[in-house]
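The next block holds one structure in the form of structure tokens; read it before the comments.
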Amino acid sequence: MPLHADQQAEFLTFAGRMADAASAVTLAYFRAVIDVVDKGATRFDPVTVADREAERAMRELIRSTYPSHGILGEEEQRIVGTEPFTWVLDPIDGTRAFITGLPLWGTLIALNDGQHSVLGVMDQPFTRERFSGDGNQAWLNGNLLRVQPCKALSDAKLLCTTPDMFEAGEQWDAFQRVARSARMQRYGGDCYGYCMVAAGQVDAVVEAGLQPYDVQALIPIIKGAGGVMTSWTGGDPQDGGAVVACGDARVHEEILRLLNAQG
């Protein structure tokens with residue numbers, strides 16, 4: 001259900017409050033000596049006290065302000081609300097960057113209305129950048145964002161966080177078809193890369209193995225800036241998995257053809 005203008009303003013303001021609460025935690029731990037726990041079953045999947053405390057701070061705000069809303073976060077159990085609204089939280093998207101002192105991480109906050117994410121915030125407190133979007137417009141620190149036109153993949157700058165996110169075989173081969181066709185390709189970025197698409201600095205992000213809390217805040221930002229974000233098959237990306245984000249629909253179409261080509 002579409003948000004009324006007053007609802008949208010209210011919820012975006014509240015998302016900003018949550019980002020402020022999370023940043024008070026994350027900045028206190030960033031570039032400090034902290035313990036890192038590996039929660040991965042098969043590969044290194046780090047989590048820190050900063051992740052857990054930041055999510056807890058946001059959850060406490062939701063429970064005290066909107067107790068009937070649901071919560072889906074990376075670090076704690078899901079809470080099903082009595083209203084359709086669910087807040088989708090990733091306290092530190094890019095924990096590997098966080099624990100290596102790189103400012104390519106962010107706090108992701110989305111509001112899902114029961115069908116799709118209707119607003120999103122990506123907050124990078126160290127660089128003092130707050131990206132937000134509602135699917136119709138997107139902003140960086142209150143200034144409007146627009147994607148950059150790009151007529152072909154051969155002219156495009158492509159990002160991906162890490163090659164480790166792709167399954168060996170068909171998925172990796174599909175990504176390589178895209179990467180070889182792009183003008184340039186770089187690894188790294190996590191959520192920051194998607195925001196660079198919205199800001200017109202990057203033309204495409206192609207990734208896999210994502211969770212709902214990795215993507216739901218980014219969808220309204222990409223779309224609000226005039227871009228497109230889908231699954232590899234062109235479907236709804238809100239559940240995560242394999243996703244594509246592009247600034248230009250022409251590049252998006254070309255990438256989908258390559259991802260789904262046989263052989």
Q. Restricting the search to region 58-80, which residues are in contact with a helix residue (DSSP H, G or I) (Cβ under 8 Å, 6 or more places away or on another chain), in a loop (DSSP other than H, G, I, E, B) and either of a type in the set (Val, Ile, Thr) or touching a residue at least 40 places away in the same chain (Cβ under 8 Å) (or both)?
A. Tyr66, Glu74
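Rundown of residues vs (1) touching a helix residue (DSSP H, G or I) at 6+ places or on another chain (Cβ under 9 Å); (2) in contact (Cβ under 8 Å) with a residue 60 or more places away in the chain; (3) within 22 Å of Thr127 (Cα to Cα), yes/no style:
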residue: Ser181; (1), (2), (3): yes, yes, no
residue: Gln185; (1), (2), (3): yes, no, no
residue: Val205; (1), (2), (3): yes, no, yes
residue: Val228; (1), (2), (3): yes, no, no
Q: Residue by residue through region 146-160, note down the ones that are free of Cβ contacts under 8 Å to residues at least 60 places away in the same chain and either at positive phi or under 17 Å from the mean Cα position of the chain (by Cα) (or both).
A: Leu158, Leu159, Cys160
Q: Looking only at region 76-103, count how many residues are under 22 Å from Cys160 (Cβ atoms), among the aliphatic types (A, V, I, L, M) and under 15 Å from the mean Cα position of the chain (by Cα).
A: 2
Q. Out of the residues in region 142-165 that are assigned to a strand (DSSP E or B) and not polar (S, T, N, Q), which is surrounded by the fewest Cβ atoms within 10 Å (Cβ to Cβ)?
A. Leu144
Q) Restricting attention to region 95-141, which residues are outside any loop (DSSP other than H, G, I, E, B), in contact with a Gly (Cβ under 8 Å, 6 or more places away or on another chain) and charged (D, E, K, R)? A) Asp123, Arg130
Q: Scan region 66-78 residue by residue and report those that are in contact with a Lys or Arg (Cβ under 8 Å, 6 or more places away or on another chain) and either surrounded by fewer than 16 Cβ atoms within 10 Å (Cβ to Cβ) or aliphatic (A, V, I, L, M) (or both).
A: Ile71, Leu72, Glu76
Q. Is it the case that some residue within region 185-194 is part of a loop (DSSP other than H, G, I, E, B), crowded, with 17+ Cβ neighbours inside 10 Å and at positive phi?
A. yes
**Q.** Leu218 being buried (at least 19 other Cβ atoms within 10 Å of the Cβ) and touching a Phe, Trp or Tyr at 6+ places or on another chain (Cβ under 6 Å)
**A.** yes
Q) Somewhere in region 81-89, is a residue touching a residue at least 60 places away in the same chain (Cβ under 8 Å), assigned to a loop (DSSP other than H, G, I, E, B) and within 17 Å of Val121 (Cα to Cα)? A) no
Q: Considering (1) touching a Cys at 6+ places or on another chain (Cβ under 8 Å); (2) of a type in the set (Asp, Glu); (3) free of Cβ contacts under 8 Å to residues at least 60 places away in the same chain, say which one Asp248 fails and leave the rest.
A: (3)
Q.
Given the criterion buried (at least 18 other Cβ atoms within 10 Å of the Cβ) and part of a helix (DSSP H, G or I), identify the matching residue among Glu10, Glu55.
A. Glu55
Q: Check Phe131 against each of (1) within 24 Å of Tyr187 (Cβ to Cβ); (2) buried (at least 24 other Cβ atoms within 10 Å of the Cβ); (3) more than 13 Å from the chain's Cα centre (by Cα) and name the one condition it does not meet.
A: (3)
Q.
Condition (residue is under 17 Å from the mean Cα position of the chain (by Cα) and closer than 30 Å to Asp113 by Cα) applied to region 178-188: is it met by at least one residue?
A. no
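Each value in this text was obtained by applying a stated rule to the coordinates, not by laboratory testing. All values reported here derive from a predicted model rather than from experimental measurement. Cβ: placed from backbone, ideal geometry, glycine included. Neighbour counts: every protein chain shown.
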